[in-house]
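What follows is a single structure, written as C-alpha cells, with notes after it.
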Amino acid sequence: MSRFLPPFQTLLNLTRAILLLGLLALTGCASFYVDTATKEIPVDAYQKPASPHPVQVVFEFQTKGVTNARATQYLAPQVLEQIKSSGLFSELKTTPVEGGALLSIVLNNVPLTDDAFGKGFVTGLTFGLAGSQVSDGYVCTMKYLAQPQAPAISSTARHAIHTVMGAKDAPANGTRMDSLEMAVKTMTRQIVSTALDALSRDPGFK
Amino acid sequence: MIVAGARSDPGRRCLSALAGLAFAALTGCAQLPLGEPAASFGNIEKAGRSGTAPVAVGSFRLDPGAAPGIDTGLSVRSNVVVSPIQGSFAQYLRQTLITDLQAAGLYDAASPSEISGFLTDSTLDVPLDTGHASLGARFVVVRLGKAVYDKELNVSASWPSSFVGMEAIPSGVNQYGALYHTLIGKLLDDLDYQAANPK
C-alpha cells in the first residue's frame with residue numbers, strides 16, 4: 001500500500017517519523033527518581049548556636065566544576081530561603097555583614113554514568129523498547145568563615161538523580177518525581193539540609 | 001548520480017529541507033541568554049587579598065578597534081548566545097564586576113576612583129573535538145580626573161567538546177560565562193591594579 005501513497009504523504013510520514021524519533025531520543029519517555037540515600041534533615045535537628053550571627057551567603061551551581069549561571073539563578077532563591085529559615089544565622093545577606101561571616105555553597109553536578117547521551121539515543125531509536133538509566137551526581141560543598149581571617153570550616157553532602165528512559169524498571173534506590181523540575185528542587189532541598197546539618201555540628205561553628 | 005537524482009526530485013529536496021527543519025526544531029536554533037551575574041566566592045577572596053580601595057564603576061562598551069558583532073551575540077552550532085544585560089556583553093562584564101565588588105564590599109558609587117572598560121575580545125567556538133572560548137577587556141581606572149591604570153587583560157578556556165549538541169552547547173555556554181569571573185579575578189590579582197588603587 002505504502003508504495004502507492006502520494007509523494008507528499010510519504011514525505012509527511014517520514015518527517016513525522018524523524019520528529020518522533022528525535023523527540024524520543026531527546027526525552028526518551030523519561031522518568032525521574034531522586035536517590036533515597038540522602039534524606040531531608042529537619043530544621044529542628046540542626047545544632048543551633050547559642051547566639052546566631054548574621055552571614056553573607058554566596059551560592060553557585062556548577063556543571064562538572066564550571067559555573068552554570070542559569071542554574072545558579074534558578075536555584076538561588078530556594079537555597080537562600082532554606083538557609084534563612086534554618087535558624088543557624090540571625091540574618092542573611094548577599095553583601096558583607098557586620099562581623100564578616102561568609103558562607104559559600106557550591107552545588108556541583110557531576111555525571112555518574114558514562115555516555116548518558118548514547119544510552120538515551122539508543123532508547124529513542126528503539127522507541128523506548130531498549131530502556132536505559134543514567135544517573136547524575138551532585139556534590140554540595142559548604143565553606144563557612146566566621147570572620148574574614150578565621151579558618152574556614154566546611155561540610156560536604158552527596159546526592160543523585162536517576163533518569164530512566166523507555167522500558168526499564170524503576171531504580172530500587174529512587175523515589176519517583178513528577179517532573180525533572182521537582183526532582184532537582186527536591187534533591188537540592190535534601191542535599192542542602194544535609195550539608196547544613198553537618199556544618200552545624202562542627203565544633204568550629206559558633 | 002545520486003546528487004543528480006536528488007536535484008531532479010522535488011520530493012527528496014523537500015524531504016531534506018523538512019528533515020533539516022525538524023533537526024533544527026529539535027536542537028533549538030534559539031537565543032541562549034547567559035544567566036544573570038551572581039557573585040563569585042573566589043573573587044570575594046581575591047578582592048579581600050588585593051588590598052584595594054572601593055571603586056565606582058563607570059561605562060563599559062565595545063572597544064573601537066573590535067569587531068562590532070562580538071558585543072551582541074556569539075553563534076554556537078546554529079544557536080546564538082546573548083547577554084541578558086541590554087543585549088551587550090560589555091554590559092554583562094560591567095554588571096559582573098559590580099556584583100563581585102559589591103559582594104566583596106569594594107563597590108562605592110561615590111568613590112573618587114572609577115573603573116571603565118572596553119570589550120576587546122569575546123569568542124566561543126564549540127567544534128566536535130575541543131571547545132575554546134576567550135574574553136578580553138581594557139580596564140581603565142581614573143582617579144580625580146587622572147588615569148592611574150590602563151591595561152588590557154585576556155583570559156581563555158579550552159575543554160573537550162562533545163559531538164552531541166545538547167551536551168556541547170550548554171557546556172560551551174557555561175565555559176564562556178565563567179570567563180567573566182575569571183577576567184575580573186585577573187584584574188583583582190593584577191599587581192598594577194593593586195598599586196593603582198590602594199586602600
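Please treat every number below as a calculation from the coordinates, not as lab data. In this text, all values refer to a predicted model and were calculated from it rather than measured experimentally. All Cβ positions, glycine included, derive from the backbone under ideal geometry; neighbour counts span all protein chains shown.
Would any residue of region B:159-179 have its amide N under 16 Å from a label point 7 Å out along Cα→Cβ of B:Ala30? List them or say none. Under 16 Å, as judged by backbone N against the label point of B:Ala30, lie B:165-174 of region B:159-179. For the pair region B:138-190 and region B:76-91, the centres of their Cα atoms are 14 angstrom apart. When peptides B:125-136, A:47-58 are ranked by their average number of other Cβ atoms within 10 Å per residue, the highest-first order is B:125-136, A:47-58. Backbone geometry of region B:175-188 corresponds, through the Karplus equation with coefficients 6.51, -1.76 and 1.60 at θ = phi - 60°, to 3J(HN,Hα) couplings of 4, 5, x, 5, 5, 5, 5, 4, 5, 5, x, 5, 5, 5 Hz, x marking Gly and Pro. Distant-in-sequence amide contacts of B:Val55, defined by a placed amide H-H separation under 5 Å and a gap of 5 or more residues or a different chain, comprise B:Tyr107, B:Asp108.
Per residue of peptide A:98-107, the mean number of Cβ atoms on other chains within 10 Å of the residue Cβ is 2.
Applying the Karplus relation 6.51 cos²θ - 1.76 cosθ + 1.60 with θ = phi - 60° to region B:89-105 yields 3J(HN,Hα) values of 5, 5, 5, 5, 5, 4, 5, 5, 4, 4, 4, 5, 5, 4, 5, 8, x Hz, where x marks Gly and Pro. For region B:155-199, the gyration tensor built on C-alpha atoms gives a prolate shape. Its axis ratio a/c (a ≥ b ≥ c) is at least 1.5, and a/b is the larger of a/b and b/c. Inter-chain Cβ neighbour count for A:71-84, averaged per residue, equals 1 (cutoff 10 Å, partner chain atoms only). A:Ala152 label point, 7 Å along Cα→Cβ, cut-off 16 Å on backbone N: hits in region A:58-79? Only A:58-62, A:65-67 pass the distance filter. When the chymotrypsin sites (Phe, Trp or Tyr not before Pro) in region B:83-168 are filtered for DSSP coil states and for at most 16 other beta-carbon atoms within 10 Å of their beta-carbon, the remaining sites are B:Phe163. For chain B, modelled as a GNM whose springs connect Cα atoms under 10 angstrom apart, the maximal fluctuation among B:Leu101, B:Leu144, B:Leu153 occurs at B:Leu144. Net charge dipole, chain B: roughly 280 debye, given to the nearest 20, about the Cα centre with Cβ charges of +1 for Lys and Arg and -1 for Asp and Glu.
Counting Cβ atoms of other protein chains within 10 Å of each residue's Cβ and taking the mean over peptide B:100-106 gives 3. Remark on B:Leu62: its backbone amide H falls under 5 Å from those of B:Leu119, a criterion applied only to residues 5 or more positions apart or on other chains, H modelled at 1.01 Å from N.
Between A:Lys168 and A:Arg189, the FRET efficiency from the beta-carbon distance, with R0 = 41 Å, is close to 0.95.
Here's the list of aspartates and glutamates a cross-link from A:Lys206 could span, going by alpha-carbon distance under 14 Å and ignoring same-chain residues fewer than 8 apart: A:Asp197.
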